[in-house]
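The values are calculated or read from the model by the stated rules, or taken from the named source; none is laboratory data. Since the structure is predicted, the reported quantities are computational estimates derived from the model, not experimental observations. Cβ placement follows ideal geometry from the backbone for every residue including glycine, while neighbour counts extend to all protein chains displayed. Keep in mind that these areas ignore ligands, DNA and RNA; they rest on the heavy atoms of the full protein, side chains included. Shrake-Rupley method; radii C 1.70, N 1.55, O 1.52, S 1.80 Å.
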Amino acid sequence: MSRPRILVINPNSNPAVTQGLKDALKPLGFEGGPEVVCQTLAEGPFGIESQADVDSVAMPLRRLVEGDNNSSAFVIACYSDPGLQVCREGTDRPVFGIAECGVLTALARAESFGVIAIAQRSIPRHMRYLRQMGLTERLAGERPLNMSVAETASGEGTLAKMIEVGRALRDEDGACAIVMGCAGMARHRRPLEDALGIAVIDPTQAAVTMALGTVQFSAH
């Protein structure tokens, strides 16, 4: 009997981001458990950094999900949760968005949370989403790195900047947990948590953890 599969989709076309996801998700692989497969959306922009980028990948994601007959669950690995609702319409299998899962995980760890965004222009988009979720009262603050997705995934100096921003969220805004607001930040979760001394949530890890539980319990 084949193992159930969780498909983690990187909606941008940067393979370095996808590799970072694979590395970050290795601890979630276990004998007899679901297979976790990371895939790059070839049609996606090199980085999803605007509302236009978010909108552009919605239907390609929907087509990918609809055409996949082998996966038991899907994870959209972009903090804007692009195409989440249209993908859910296209399948009866569970589809998880990393922003939604990352924030819910942070709320299970702390009274208030902060978000590290890649850029200032990402913040209004994230705030709209939090208002839709009804969770703005638990948000301590959101601050930008003012870097590109590619820079967060493979550039130099990213961790130092994340620590600087994370400390401001903790000390000035009162955040008791931090959500990393881009899938490209995945490789920095552990050293950032060690530096800050509070919970740091990688939203892709959070989403795949939820997907694992869903798939495992549906199989037993």
**Message:** Of the residues Gly33, Gly29, only one is touching a residue at least 60 places away in the same chain (Cβ under 8 Å), of a type outside the set (Phe, Trp, Tyr) and open to solvent by less than 80 Å² (accessible area, probe 1.4 Å); which?
**Reply:** Gly33
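So in the range 131-149, with the set limited to residues that are small (Gly, Ala, Ser) and either at pLDDT below 95 or farther than 14 Å from Ala117 by Cα (or both), which one is surrounded by the most Cβ atoms within 10 Å (Cβ to Cβ)?
Within the range 131-149, the subset small (Gly, Ala, Ser) is 134, 140-141, 148.
Cutting the leftovers down to either at pLDDT below 95 or farther than 14 Å from Ala117 by Cα (or both) gives us 134, 148.
Values: Gly134: 8, Ser148: 17.
Applying the filter and picking the extreme gives Ser148.
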**Message:** If I filter the range 80-94 for residues that are on the phi > 0 side of the Ramachandran plot and under 17 Å from the mean Cα position of the chain (by Cα), do I get at least one hit?
**Reply:** yes
**Request:** Residues being of a type in the set (A, V, I, L, M), modelled with pLDDT under 95 and in contact with an Asp or Glu (Cβ under 9 Å, 6 or more places away or on another chain): count how many of those fall in the range 165-220.
**Result:** 3
**The listed residue being of a type in the set (S, T, N, Q) and either more than 16 Å from Gly102 (Cβ to Cβ) or open to solvent by 50 Å² or more (accessible area, probe 1.4 Å) (or both), out of Thr158, Thr152** = Thr158
**Failed item in (1) open to solvent by less than 10 Å² (accessible area, probe 1.4 Å); (2) touching a residue at least 60 places away in the same chain (Cβ under 8 Å); (3) outside the structural domain of Ala177 (by the TED database), with Leu84 passing the rest** = (2)
**Asked** For the range 101-124, which residues satisfy the criterion of being open to solvent by 30 Å² or more (accessible area, probe 1.4 Å) and either assigned to a helix (DSSP H, G or I) or touching a residue at least 60 places away in the same chain (Cβ under 8 Å) (or both)?
**Response** Leu104, Thr105, Leu107, Ala108, Arg109, Glu111, Arg121, Pro124
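On the basis of being under 13 Å from Leu7 (Cβ atoms), in contact with a helix residue (DSSP H, G or I) (Cβ under 7 Å, 6 or more places away or on another chain), not β-branched (Val, Ile, Thr) and not in a helix (DSSP H, G or I), does Phe96 make the cut? Spell out how you get there, then give the answer.
Details: under 13 Å from Leu7 (Cβ atoms): yes; in contact with a helix residue (DSSP H, G or I) (Cβ under 7 Å, 6 or more places away or on another chain): yes; not β-branched (Val, Ile, Thr): yes; not in a helix (DSSP H, G or I): yes.
Answer is yes for this residue.
Against the definition (open to solvent by 10 Å² or more (accessible area, probe 1.4 Å), of a type in the set (Lys, Arg) and either under 15 Å from the mean Cα position of the chain (by Cα) or outside the structural domain of Tyr79 (by the TED database) (or both)), how does Lys22 come out, yes or no? Working first, answer last.
Details: open to solvent by 10 Å² or more (accessible area, probe 1.4 Å): yes; of a type in the set (Lys, Arg): yes; either under 15 Å from the mean Cα position of the chain (by Cα) or outside the structural domain of Tyr79 (by the TED database) (or both): yes.
Yes; evaluated as a whole, the condition is true for this residue.
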